[in-house]
Each structure stands twice: as C-alpha cells, then as structure tokens.
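The values are calculated or read from the model by the stated rules, or taken from the named source; none is laboratory data. These figures come from a predicted structure and were not determined experimentally. Glycine gets a Cβ as well: all are built from the backbone with ideal geometry, and neighbour counts include every protein chain shown.
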Amino acid sequence: MNISRGRIHTAQKVVIYGPEGIGKSTFASMFPEPLFCDTEGSTKALDVMRFDRPDSAQMIYECIDYVKAHPDACRTFVLDTADWAEKLLSKKVCAAAQNSGIEDFGYGKGYTYLMEEFGKLLNQLEDLIALGVNVVVTAHAELKKFEQPDEAGAYDRWSLKLTKQDSSLLKEWADAVLFVNYKTYVEKTKDNKHKASGGRRVMYTAHHPCWDAKNRWGLPDECDFDYSVIAPFIPAKGAQSAPAVPTVNTSAVDALIDSVEPRQPSAPPEQPTVDDLDGIPKPLAQLMTENDVTEDDVRLVVSQQGYYPFEARVKDYDPAFIEGCLVAAWPQVFSKIMANKDLPFE
C-alpha cells in the first residue's frame, strides 16, 4: 500500500451562484481557456468558446465526453447553469419512467431518481478534473424559508436554485462554493426614514446563516467580485499531483548540522534594479524590486500553481497573465513566495 505526503495540486471544482444578471457567466469566462456548456443561452454577449446549446441531458453528457476525448480543447469546462441542467436531467428521468413530471413518481421517489442522475453528472465532471481540466458550475440563487431544528422561528436565506438533494451533492462535490450578491447599505434620512443605497457586487467565501459558501484557499469571508481574487489558486494548465515527501531521519540531519563548521557571513548581494530584470514588464519588475523578490522566486510559485513550468522565463509569460494574475493579485503571490522561503535552515 502506497503512502504519500504533501499537497496534491489538481484542477479546481468551483461553484458560483447568485441572483440573475450579477455577472456569473462573465466571471466564469475569465477562467483559463473556458469552454461553455451553455444550457440557458446566457453567453451570447460573451466572446467565448461554447458548444451548441443543449436541449437534453444526453447533449450535456456529449459535451463532457468531447472534452474527455479532447482534453486540450480547453483548460476550464463551464456548466452554465446547474439549475437549467437539472431541468434537462429531470426530463430524462421522467421520460424513462413515462411520467409527465417528477411529482408523478409519488412519495419523493422522483427526487431520489433525479439525485442519482445528478450524481452521475458530477461523476462525469470529476473525470475532467482527473485530466487536469478545471470545472466551473454556475447557478442561480433564490431566497428560501429556513428553520433550524434547535431554534424557534424561521428566517430567509439564500440557497442554490436546485432541489435540496442536488444542492447538497453539488456543495459537497465542489472545492469552492462562492456566493455573489449586491451589498446594499441602509441609511437613515433627515426625516428619520431609511433608504437603501450602494449595490456593490461582493463575493462571499465562507458559511453564513444567510447563505452557504466555502473555500479551501484561505480567502477572506468577503471579497470583491473580481477574478483576480481567486486567480492565484486556479491552475492554467493540467495540474499534477505533488511528489511525495520522504520521511526525514531527524537524528541524521542533526548530526550533519553539528558537523558543519559555521561560515563567516558574506556581504549580501546587490539587489537588482528594475532595469536589471531584462524582459519582465515594469509593473511586475517594480513589485519584485520593492519586495526583494528574484525571478526564480516568481517562477517557483507559478510552477507550483500549474501555470507554467519552472523552466519558462517570466519574460515569456502571457502578458495578460502577468497583468491579470501576478500584478493584480501580488499580495497573494508574495505570500506564497514568502511561504517558500520559510525554511528551517539553508
């Protein structure tokens, strides 16, 4: 039996849900090389790759099968949206049983069959993850009355616009569930009345009594609804498992350290200037110079996230990647660089 240790870098499974028209499809279009399975026709105004709009569950499966057979066709598969896909799955389940609707099965059996079909869809999407293709699933949100079993009373909360069973499956399956909404501020007017204002789009990344959300990237609970926030955590190319870390004989290491004579400190090397970083765009070069970051530091983080191999020079990166990910999300990039430097000894 094989036992490994260390982080496993894989493609990501991301669910984005929120009210209609907030920009979920546009946000999904910013993922690396997206290919849309557009079940509701919401990408007409976007310059993206898309399959013909599916009008059956079988067509959705055929879209996934195509990417499985041609994994280089895209870097991200987008199912837009889950609730419209669920309608097609429901039609398939009802047609197989010659029922006109999901309620015709009686005693909740129809929803159980639908959950099984939805689970089959998620299993198909999981096959894309194994090939290194990111999967993004968008969905609409709706307000539902919620009652906690140990509390009196009920309140409204935002939920995925899916059946309860399918909603639970999707949330469990995803690496990140991001809820997006308009943040409204209530102000008191001069005549002592209240007026709503604001409307800034925000993204919630952690569970809250009024919505479901989660992430495994250490994001703040509330962020700007901007792709640069999550860009450092989304691999642009097929991500492979990290190599296993061998067990270290600490006694041998201690003996080796004791046997080494202390070295005299040497003068620190001169720090490169912006002009010394040949070929690297100045906005990134300026950040690197100000934070004492070398090109190898950047190349290591980029390779760890699966964007480019370590051997690739920064000057050869896509300019849009440098501007949209490295510069725009520099605080996250720099924190990973510092984590790599946080070694017990050199």
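This table checks each residue for (1) modelled with pLDDT of 75 or more; (2) in contact with a strand residue (DSSP E or B) (Cβ under 8 Å, 6 or more places away or on another chain); (3) assigned to a helix (DSSP H, G or I).
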site	(1), (2), (3)
278	no, no, no
284	yes, no, yes
298	yes, no, yes
302	yes, no, yes
312	yes, no, no
323	yes, no, yes
332	yes, no, yes
335	yes, no, yes
344	no, no, no
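Condition check ((1) in contact with a His (Cβ under 7 Å, 6 or more places away or on another chain); (2) at pLDDT 70 or above; (3) among the β-branched types (Val, Ile, Thr); (4) surrounded by 10 or more Cβ atoms within 10 Å (Cβ to Cβ)) across all residues:
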{"position": "175", "(1), (2), (3), (4)": "no, yes, no, yes"}
{"position": "210", "(1), (2), (3), (4)": "no, yes, no, yes"}
{"position": "220", "(1), (2), (3), (4)": "no, yes, no, yes"}
{"position": "223", "(1), (2), (3), (4)": "no, yes, no, yes"}
{"position": "234", "(1), (2), (3), (4)": "no, yes, yes, yes"}
{"position": "251", "(1), (2), (3), (4)": "no, no, no, no"}
{"position": "254", "(1), (2), (3), (4)": "no, no, no, yes"}
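A single member of 92, 44, 13, 24 is surrounded by 15 or more Cβ atoms within 10 Å (Cβ to Cβ) and without any contact (Cβ under 8 Å) to a residue 60 or more places away in the chain, and it is 92.
From the residues in segment 279-322 that are of a type in the set (Asp, Glu) and in contact with a helix residue (DSSP H, G or I) (Cβ under 7 Å, 6 or more places away or on another chain), which one is nearest to residue 338 (Cα to Cα)? Give the steps one after another, and end with the answer.
Filtering segment 279-322 for residues of a type in the set (Asp, Glu) gives 290, 292, 295-297, 311, 316, 318.
From the residues that got through so far, the ones that are in contact with a helix residue (DSSP H, G or I) (Cβ under 7 Å, 6 or more places away or on another chain) too are 295, 297.
On the way: 295: 14, 297: 9 Å.
Out of the qualifying residues, it is 297.
Checked against (1) over 15 Å from residue 137 (Cβ atoms); (2) within 20 Å of the chain's Cα centre (by Cα); (3) of a type in the set (A, V, I, L, M, F, W, C), residue 45 passes all but a single condition, namely (2). Restricting attention to segment 98-110, does a residue exist that is touching a residue at least 12 places away in the same chain (Cβ under 8 Å) and either buried (at least 21 other Cβ atoms within 10 Å of the Cβ) or touching an Asp or Glu at 6+ places or on another chain (Cβ under 6 Å) (or both)? No, the conditions are met nowhere in segment 98-110. Here residue 292 fulfils each of the conditions (1) loosely packed, with under 13 Cβ neighbours inside 10 Å; (2) in a helix (DSSP H, G or I) apart from (2).
Table: residues versus (1) outside the structural domain of residue 86 (by TED's automatic domain parsing); (2) surrounded by 13 or more Cβ atoms within 10 Å (Cβ to Cβ); (3) more than 14 Å from the chain's Cα centre (by Cα).
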site	(1), (2), (3)
8	yes, no, yes
35	no, yes, yes
52	no, no, yes
59	no, yes, yes
67	no, yes, yes
